[in-house]
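The structure appears below as structure tokens.
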Ligand code: DQA
């Protein structure tokens, strides 16, 4: 099946961005690891990072036409702001997991609210880059 991984704003800086919070793993490392994990399980994985809300929205719309079965998304700061991204995911009706590297609940109050969590199939936070692998494993187990 087709699986899409979406990374929101500033995640292109992973590896050098606040490493005490987000770790030393780069986005390229994360994507490579997910690609290998998906391939080993016989699934097709594509990914996009964007700092622009509309590009993430357009990618979600295209996912429906491509027959994407599942989305894993770290909306990054859009988690706390974007009704538009939430509506895009609901609009295409593709199930998704929400992932955050950091434990957002242990951080500033403005990070405690998510526009995604109540409509996500599941939420993972606080496990660093491994959170993406956990989410993908759950998708693979569910699709198998
Ligand atoms: C994040 C948490 C968000 O609050 C923050 O804006 C990010 C990254 C995370 O992965 O921990 O950019 O989504």
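Derivation of every value follows stated rules applied to the coordinates shown; laboratory data play no part. Just so it is clear, the model here is predicted, and its values are computed rather than measured. With ideal geometry, Cβ positions are generated from the backbone for all residues, glycine too; neighbour counts draw on all protein chains shown.
Our summary gives the chain a relative contact order of 28 percent, counting only alpha carbon pairs under 8 angstrom and 6 or more residues apart. What is the range 72-136 by shape, rounded, prolate or oblate, if you read a ≥ b ≥ c off the alpha carbon gyration tensor as root eigenvalues and call it rounded for a/c under 1.5, prolate for a/b larger than b/c, and oblate otherwise? Oblate, since a/c reaches 1.5 and b/c is not below a/b.
Across 101, 13, 27, mean-square fluctuation computed from a Gaussian network of the chain (C-alpha pairs under 10 Å connected) peaks at 13.
Comparing 127, 70, 110 in a Gaussian network model of the chain, where Cα atoms under 10 Å apart are tied by springs, the biggest mean-square fluctuation is seen for 110. Note on the chain: Rg/Rh from Cα positions, Kirkwood definition for Rh, rounded to two decimals, is 0.93. The order of 97, 115, going from fewest to most other C-beta atoms within 10 Å of their C-beta, is 115, 97. Using a 7 Å offset from the Cα along the Cα-to-Cβ direction at both residue 117 and residue 17, what is the distance between the two label points in nm, to one decimal? Between residue 117 and residue 17, the label points sit 2.0 nm apart.
How do 53, 108, 18 rank when sorted from fewest to most other Cβ atoms within 10 Å of their own Cβ? Write down the numbers at each step before the final one.
On the way: 53 17, 108 8, 18 11.
The order, fewest Cβ neighbours first, is 108, 18, 53.
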